[in-house]
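**Student:** This is the structure I have questions about; it appears just below.
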Amino acid sequence: KMKRLMVIAAGAVALAAACAFGDWVYEGQWGSKGSGNGQFEGPTGVAVAPSGNVYVVDYGNYRIQYFTSSGSFLGKWGSSGSGNGQFRDPADVAVSGAGAVYVADTGNNRIQYFTSSGSFVGKWGSFGSGDGQFCTPFGVGVAPNGDVYVSDGQNHRVQYFTPAGSFLGKWGSQGSGNGQFVIPAGVAVAPNGHVYVVDCYNHRVQYFTSSGSFRGKWGSYGSGEGQFIQPWGAAVAPNGYVYVADDGNYRIQYFTSSGSFLGKWGKEGSGSGEFGAPSNAAVSLDGRRVYVSDLMNNRVQYFRWSDARVAPASLGRVKALFK
């Protein structure tokens, strides 16, 4: 009798475990190579707004395009240049809780920000290494309180600002120690205010308090679980999970807030769920959809969380234990 109870308990645990976990599955995509509405020349940054709309940096077309959550074209703005609302090699986009759209205008060494429909609001930054200056700002992220974090790539540091661009602080220098970087790329802010920085050429992710105190890191060069080859972008889900665009391995990996490996998907290719260069990721507000900007395939793909389902045979075996 005790043996049967133990078997039943084990079966129940296995059933609960199967119900508790799921997987990310391909759901859809949009985009092709070109300059028309909904076409791209190297999509880089991607962000989800409070409205659920998706904003995409169309790098080679020097513009921002935005879409419904399923990819229907809504609007665009931008052209090549250095005027207000123009871009040179834009790399990333982030949307605040208030709906303001921040763009890392990398080639112009500045941040520009806009209304949700693309009307110019303001800008800050110039070339240099002083406070509020940049040398190829690759990533931008917005905190829950509205502060704006910028990965200042070739200055090997992170700077942060008020929503209107007033300098608040900075951290980082070139190197491989804690809090040092070699080309910081993506930057993402968690619901608790922690700041995750993709340390591209150190092949790792580091995370910090909102003011830059080092909290932890994970990753090394390679293709194993939790390893990276020149990762570029990152996103943090509402539950704190961290999604990393592992560009050189043509995949997305995701982790707990402290860096414990949870899963991965993707491989090199142009088929559904394959990547030509996953440059960035964004998570929907309910945490059940992930958008990936697939740079070399000139498209955005999106994936949904699929709760695990117990196979009928497995369920039957568990039921049989109770006979």
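**Student:** What full-extension length gain, to one decimal in nm, is calculated for SER82 and GLU225 as 0.36 nm per residue of separation minus the Cα-Cα distance?
**Tutor:** 47.3 nm
**Student:** Something else about it: Roughly how many Å² is the accessible area per residue of the chain, as a whole number, for a 1.4 Å probe?
**Tutor:** Heavy-atom SASA per residue in the chain reads 41 Å².
**Student:** For LYS123, what accessible surface area do you get with a 1.4 Å probe? Give it in Å², rounded to 10.
**Tutor:** Surface accessible to solvent at LYS123 totals approximately 100 Å².
**Student:** Longest exposed-loop-site-free stretch of the chain, with chymotrypsin sites (Phe, Trp or Tyr not before Pro), DSSP loop and at most 14 other Cβ within 10 Å?
**Tutor:** 22-321
**Student:** Using a 1.4 Å probe on the protein heavy atoms only, what accessible surface does SER72 show? Give it in Å² to the nearest 10.
**Tutor:** 60 Å²
**Student:** Report, in whole Å, the centroid distance computed from the Cα atoms of the range 181-203 and the range 213-276.
**Tutor:** 12 Å
**Student:** Another question about this same structure. Could you tell me which label, among (1) 19.1; (2) 22.4; (3) 17.8, carries the value of mean projected area of the Cα convex hull in nm² calculated for this structure?
**Tutor:** Only one option fits the structure, namely (3).
**Student:** For VAL121, VAL195, VAL189, give the ranking by accessible area with the largest first, probe 1.4 Å.
**Tutor:** From most accessible down to least: VAL121, VAL189, VAL195.
**Student:** Let me ask something else about it. Need one value: the accessible area of SER220 in square angstrom, 1.4 angstrom probe, rounded to the nearest 10.
**Tutor:** Taking all protein chains as shown, SER220 has close to 50 Å².
**Student:** Ignoring ligands, DNA and RNA, please state the percent of accessible area on the chain from carbon and sulfur, probe 1.4 Å.
**Tutor:** 51 percent
**Student:** Could you tell me which of the pairs LYS123/LYS264; LYS33/LYS267; LYS217/LYS267 are separated by over 31 angstrom between their Cα atoms in the structure shown?
**Tutor:** Table pairs above 31 Å Cα-Cα are LYS123/LYS264.
**Student:** Continuing with the same structure: Between PHE127 and ASN145, what is the spin-label point distance in nm, taking each point 7 Å from the Cα along the Cα→C-beta axis?
**Tutor:** 3.5 nm
**Student:** Also, I was wondering about something else. When the dipole is taken about the Cα centre of the range 168-279, and only Lys, Arg (+1) and Asp, Glu (-1) are charged at their Cβ, what size is it in debye, to the nearest 20?
**Tutor:** That gives the range 168-279 a dipole magnitude of about 280 debye.
**Student:** Another question, then. Over the chain, what is the relative contact order in whole percent, taking alpha-carbon pairs under 8 Å and six or more residues apart?
**Tutor:** Answer for the chain is 16 percent.
**Student:** Additional query: Cross-link candidates for LYS76: which aspartates and glutamates have Cα within less than 17 Å, leaving aside residues fewer than 8 places away along the same chain?
**Tutor:** GLU41, ASP58, ASP89, ASP92, ASP105
The values are calculated or read from the model by the stated rules, or taken from the named source; none is laboratory data. Everything quoted here is computed from the prediction, not taken from an experiment. Heads up, the Cβs are rebuilt from the backbone with ideal geometry, glycines too, and the neighbour counts pull from every protein chain shown. Heads up: the accessible areas ignore ligands, DNA and RNA and are worked out on the full protein's heavy atoms, side chains in. Shrake-Rupley method; radii C 1.70, N 1.55, O 1.52, S 1.80 Å.
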